[in-house]
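Asker: Pasting a structure below so you can have a look.
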Ligand code: PGA
């Protein structure tokens, strides 16, 4: 079974939520609940919560990620945070190319690729988001869109570096909308991404790649989604803000 060749990872994407005291409280609640998880557990938090999260998760199985990073190492980029800055703090993961960054902050396939390069160079593990809009899906170009996003993001990435990458398939129409892709739709596109990676690298590289589903995954629908053969966990927005809900998704993934 190919699923045994890779690790499922449940990653929370907190987006622009939680003050520092709220972040600490959520992590303290979560820690004992997910302590025995057999899957990877990551929380990606706002920059202002990174230090709090790193401190609170010390000695636990919860890994910490940021939600973005700039492609330059340093320089005149007011308001930005670089990959080496995150790495120096002890941050392990970084979400890149999230559809909200693409939609509201002018992120393109080219800038996503530059950020991926910077993250890898700094020793961070990118969680690269790809996904089609409703318009794309209705025009039957989901595979083309997701294929291009995947190829562009991975431009210049070696097979060795690919081992430190997670791809999150997140249909834009399913994010924060309460509309989840069906398990079949999620699996179909995750499998397609895996096929693209197999062609770019090798079957072995593709089999080892963690490909998550994201988009309104919650305590109720997680089990069916993560049980799919090509879905290796999830990137969770809204449901990651409540410890019991996030824990339920982690539990589902441990069985998936
Ligand atoms: P959602 O967000 O779970 O709230 O739909 C997912 C994401 O944006 O990563």
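Okay, residues lined up against (1) surrounded by fewer than 18 Cβ atoms within 10 Å (Cβ to Cβ); (2) more than 15 Å from the chain's Cα centre (by Cα); (3) assigned to a loop (DSSP other than H, G, I, E, B):
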residue: 27; (1), (2), (3): no, yes, no
residue: 32; (1), (2), (3): yes, yes, no
residue: 65; (1), (2), (3): no, no, no
residue: 68; (1), (2), (3): no, no, yes
residue: 76; (1), (2), (3): yes, yes, yes
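Asker: Would you confirm whether any residue within the range 197-207 is within 14 Å of the ligand (Cβ to nearest atom), surrounded by 15 or more Cβ atoms within 10 Å (Cβ to Cβ) and closer than 13 Å to residue 146 by Cα?
Answerer: Residues of the range 197-207 within 14 Å of the ligand (Cβ to nearest atom): none.
No: zero hits.
Asker: Sort out which residues of the range 231-245 are surrounded by fewer than 20 Cβ atoms within 10 Å (Cβ to Cβ) and assigned to a loop (DSSP other than H, G, I, E, B), and write them in order of number.
Answerer: 242
Asker: Also, I was wondering about something else. In the range 215-227, which residue that is buried (at least 21 other Cβ atoms within 10 Å of the Cβ) and part of a helix (DSSP H, G or I) is farthest from the ligand (Cβ to nearest atom)?
Answerer: Here the answer is 226.
Asker: Here is a further query. List pairs: first in the range 174-189 and closer than 21 Å to residue 150 by Cα, second within 9 Å of the ligand (Cβ to nearest atom) and modelled with pLDDT under 90, Cβ under 6 Å, 6+ apart or cross-chain?
Answerer: Short answer, once both residue conditions are applied: 174/180.
Asker: Which residue is farthest from the ligand (Cβ to nearest atom), if the candidates are limited to the range 90-135 and must be assigned to a strand (DSSP E or B) and out of contact with any helix residue (DSSP H, G or I) (no Cβ under 7 Å at 6 or more places or on another chain)?
Answerer: Taking the range 90-135 as the starting set, the residues that turn out to be assigned to a strand (DSSP E or B) are 93-96, 125-130.
Subset that is out of contact with any helix residue (DSSP H, G or I) (no Cβ under 7 Å at 6 or more places or on another chain): 93, 95, 125, 127.
Values: 93: 13, 95: 8, 125: 16, 127: 9 Å.
Among those residues, the one meeting the criterion is 125.
Asker: Within 11 Å of the ligand (Cβ to nearest atom), touching a residue at least 24 places away in the same chain (Cβ under 8 Å) and either farther than 22 Å from residue 98 by Cβ or touching a helix residue (DSSP H, G or I) at 6+ places or on another chain (Cβ under 8 Å) (or both): is that true of residue 230 in this structure?
Answerer: On the way: within 11 Å of the ligand (Cβ to nearest atom): no; touching a residue at least 24 places away in the same chain (Cβ under 8 Å): yes; either farther than 22 Å from residue 98 by Cβ or touching a helix residue (DSSP H, G or I) at 6+ places or on another chain (Cβ under 8 Å) (or both): yes.
The answer is no for residue 230.
Asker: Picking from 178, 237, which residue would you name as being under 18 Å from the mean Cα position of the chain (by Cα) and either within 12 Å of the ligand (Cβ to nearest atom) or under 22 Å from residue 37 (Cβ atoms) (or both)? Before the answer, list the steps.
Answerer: Values: 178 fails: under 18 Å from the mean Cα position of the chain (by Cα).
Just one listed residue meets the conditions, 237.
The values are calculated or read from the model by the stated rules, or taken from the named source; none is laboratory data. The model shown is predicted, which means the values in this text are computed figures rather than measured ones. Note that each Cβ is placed from the backbone with ideal geometry, even for glycine, and that neighbours are counted across all protein chains shown.
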